[in-house]
Amino acid sequence: MTSTRARRAKPSAPTSSRGTPDRAAMARAMEDFLRAAGLDLQDANLQGTPERVTEAWMSEFLDGYGRTPEEALGETFPAPPDSSGELVVVTDLRFHSMCPHHLLPVTGRAHVAYVPGERVVGFGRLSSLVDCFAHRLILQEDLARCVAGALSRVLGSPATACIIEAEQACLRMRGDKQRDAITHAEAYEGTLRKDGALRRELWARLGARR
C-alpha cells in the first residue's frame, strides 16, 4: 500500500481562473496526436474519436474549472442554535479525476467531515464539492486540501477533514506497475489539525464502516 499524507499549509491546486476552452482546437489537437502516433483516422473505430474525446474532457474531466466551491455547495443554512459541536461525516463519496503529470485517471472514495459552525449544507452537496475540485487536473493531496479548506471557508466550520483513498492509473499501469496500490491523502483544518479526541472520533467512525 502506498500512502501520502497531506500536510502542507496551502494547496497549490489549479483554481477556477483559466482561459475559455476551445472545443474545435481541442479536437484538432487530438487529431494531430493520433496522426503523430501513426494511427489511421479513417479506421472505422477512430472516426469521430477526436470529437468524442473532446466532449468527454470538457464535460467530465475539466468541468470543475467552471464552478466555484460556493456554487458546488449551493444553498447553505444557518447551523442549529443547539448544535452540539458533533462531527458530520459522509463516507465513500465516489469520484474520478485526472493526474496532471501523465493525464491518466484517478478513481477513488472521499470521506468528508466537518463540525457545524456558522452554516450547514445538504449531504449531497458534499459530493458536488469533491467533484468541483476533482474534475480538474489536480494531485490527490491537493484535492483533499481544497475540499477541507473550502468547507472551513464557506461554512465557517471550526473543524473540517477530507480523507481520500484512490487508485492511480499512473502508478498501477506504468512505471513500477503496482497494480494493487492504494494511495491515501488526508487534510485537516481547524481543531482537527491536532491529534485529539475529535480526530480519534473521526477515525473511529471511518473504521466502523468497514
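Nearest 20 debye, what's the magnitude of the dipole of the stretch 71-127 about its Cα centre given +1 on Lys and Arg Cβ and -1 on Asp and Glu Cβ?
Numbers: 4 positive and 6 negative charges, 57 e Å.
The dipole of the stretch 71-127 has a size of about 280 debye.
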For the stretch 67-208, average projected area of the Cα convex hull in nm²: 8.6 nm²
Sorted by Cβ neighbour density within 10 Å, fewest at the top, the residues His135, His101, His96: His101, His96, His135
The chain, relative contact order [Cα under 8 Å, separation at least 6], %: 24 percent
Positive-end extreme of charge dipole, the chain - chosen from Ser127, Met58, Tyr114 (charges on Cβ): Tyr114
Helical segments meeting 18 Å axial Cα length and Kyte-Doolittle 0.0 threshold in the chain (DSSP H): 140-155
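Quick one: Met173, Met26, fewest Cβ neighbours within 10 Å first, how do they rank?
Met173, Met26
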Charged-residue dipole, Cβ positions (Lys, Arg, Asp, Glu), the chain about Cα centre, Debye nearest 20: 720 debye
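Among Tyr65, Tyr114, rank each residue by its count of other Cβ atoms within 10 Å, from fewest to most, as a rough exposure measure. Can you show the working numbers first?
Numbers: Tyr65 18, Tyr114 27.
Least to most surrounded, the residues fall as Tyr65, Tyr114.
Here, each number is a calculation from the coordinates, and none is a lab measurement. Keep in mind it's a predicted model, so treat the numbers as computed, not measured. FYI the Cβ positions are ideal-geometry reconstructions off the backbone, even for glycines, and counts take in every protein chain you see.
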